[in-house]
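The block underneath contains the structure these notes are about, expressed in structure tokens.
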Amino acid sequence: MDRYPRVTWDEKKLIHNARVLNAICKHHVEWIPVTKSVGANIEIVDSLYKQGYRKFADSRLQNLKAIKEYDSSINTCLLRIPGIHEIKDVITWADCSLVSEYKVIEALNQEALSQGKIHHIILMIELGDLREGIMPEELMDIGKHILKFPAIHWLGIGTNLTCFGGVLPTSDKLAQLVQLKESVEKKLGYHLSVISGGNSSSLHLLMSGEIPREINHLRLGESLFFGRETAFSKQIPGMHHDIFLLEAEVIEIKDKPSYPQGIIVKNAFGETPHFTDKGIRRRAILALGEQDVPLSELTPVKNGIEIIGGSSDHAILDVTEHHDQIQVGSILSFQMSYKALLHAMTSNYIYKKKINSVYEPLISSDQSFE
């Protein structure tokens, strides 16, 4: 029996998108699937694993734990810089982490020694987006100390752009990473094997041939799951944007006034709503609310349907202009933004279902931390 609300995801389209990213990155850039937007859904991890992927990145340790429990040989990378209280779990469940605080690196080394492990790190550099990262002028001093830690393998350096400040990755920006890598090798005599050039917002440089040749690592989630680069939000030719659909059931359908009757005060979220009087309209209520997903981030698949609002547990739609019959029990489908997918895939109240299963491996990828 089907259950709703639910997210359906198309395995064939997912694998196709992964193949396109392989073709874009070719042999020059290693890309790592970022699973945070799908809550490290193990069926999705399984689909990619069966195609040869052995490295996954996520910002949540709970997700990395689930991936490791699926197969302990998978290389996992923690994207969010670790908190001190998480150090033991970081070493337990993550093979690599992105770091920017010396105190954290020191703690990682101590815990790795306790667990008899070598922990890999990518040191994040601040290049203007003003999220995580050390200032470039701090690199040599911190680098000297990192090299003294016996349980830390300094894999490389990286940066993050567009996520907070919206700063565009450019060839000049990423060339700064290359220069810093060369400085480390010259002044510290230590080879950095990875220059991580960011996320899906750097793909436009790769596709246009403008990315510095030395950039050899990208962390890709939105491009994999939505088929778009994120610097300019453009669809990538040949990639699918509709892997995921959100489906919800109609639990009420009635003709109602479009303007509330009575004195309007604040709603359930402390907001004062505003309405336009359009007369009597056909209204549908879905068993789906803001607790599940931000309703403003949904787009109805069919024409003539408008989401006009909702509450914690209900979405209210105007279906007056929709030509097909909608009744109690009808299932309506919606495309989701990246933000909506984040919410939907991490909600315990939304079911997940794979469609268009792939039974034979289509691609292979040799991925491991060196």
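The values are calculated or read from the model by the stated rules, or taken from the named source; none is laboratory data. Source: prediction; values computed, not measured. Backbone-built Cβ (ideal geometry, glycine too); neighbour counts: all protein chains shown. To get the accessible areas, we keep the full protein, side chains included, count just its heavy atoms, and leave off ligands, DNA and RNA. Shrake-Rupley method; radii C 1.70, N 1.55, O 1.52, S 1.80 Å.
Could you please find all residues in the range 288-310 being more than 26 Å from the chain's Cα centre (by Cα), part of a loop (DSSP other than H, G, I, E, B) and surrounded by fewer than 19 Cβ atoms within 10 Å (Cβ to Cβ)?
K302, N303, G304
Given (1) assigned to a strand (DSSP E or B); (2) surrounded by fewer than 23 Cβ atoms within 10 Å (Cβ to Cβ); (3) touching a Cys at 6+ places or on another chain (Cβ under 9 Å), where does L218 come up short, assuming only one miss?
(2)
Taking the criterion of being among the hydrophobic types (A, V, I, L, M, F, W, C) and open to solvent by 50 Å² or more (accessible area, probe 1.4 Å), would at least one residue in the range 171-190 satisfy it?
The answer is no, given that none of the residues of the range 171-190 is among the hydrophobic types (A, V, I, L, M, F, W, C) and open to solvent by 50 Å² or more (accessible area, probe 1.4 Å).
Got a sec? Which of I67, I91, I84, I125 is under 18 Å from the mean Cα position of the chain (by Cα) and either of a type outside the set (G, A, S) or at negative phi (or both)?
Every option except I67 fails the conditions.
Of all residues in the range 235-272 being open to solvent by 60 Å² or more (accessible area, probe 1.4 Å) and of a type in the set (F, W, Y), which is nearest to H204 (Cα to Cα)?
F269
Just to check your reading of the model, which residue among G128, G39 is crowded, with 21+ Cβ neighbours inside 10 Å, among the small types (G, A, S) and touching a residue at least 12 places away in the same chain (Cβ under 8 Å)?
From the options G128, G39, the qualifying one is G39.
Take E222 and tell me if it is of a type in the set (D, E, K, R) and touching a Phe, Trp or Tyr at 6+ places or on another chain (Cβ under 8 Å).
Against the criterion (of a type in the set (D, E, K, R) and touching a Phe, Trp or Tyr at 6+ places or on another chain (Cβ under 8 Å)), E222 qualifies.
Filter the range 138-167 down to the residues that are open to solvent by 60 Å² or more (accessible area, probe 1.4 Å) and under 20 Å from L113 (Cβ atoms) and list them by number.
Passing the criteria: K144, H145, L147, K148, P150.
Can you tell me which residues in the range 66-114 are open to solvent by less than 80 Å² (accessible area, probe 1.4 Å), assigned to a helix (DSSP H, G or I), over 15 Å from V34 (Cα atoms) and hydrophobic (A, V, I, L, M, F, W, C)?
Those that are open to solvent by less than 80 Å² (accessible area, probe 1.4 Å), assigned to a helix (DSSP H, G or I), over 15 Å from V34 (Cα atoms) and hydrophobic (A, V, I, L, M, F, W, C): I87, V90, I91, W93, V104, I105, A107, L108, A112.
Output the qualifying pairs, or none if there are none: Cβ atoms under 7 angstrom, residues six or more apart or on different chains, first residue in the range 137-164 and over 16 Å from K181 (Cβ atoms) and outside any strand (DSSP E or B), second residue modelled with pLDDT under 95 and acidic (D, E).
N160/D129; N160/E132; L161/D129; T162/D129; C163/D129; F164/D129
Residue by residue through the range 214-233, note down the ones that are farther than 16 Å from V34 by Cβ and modelled with pLDDT of 95 or more.
Matches in the range 214-233: E214, I215, N216.
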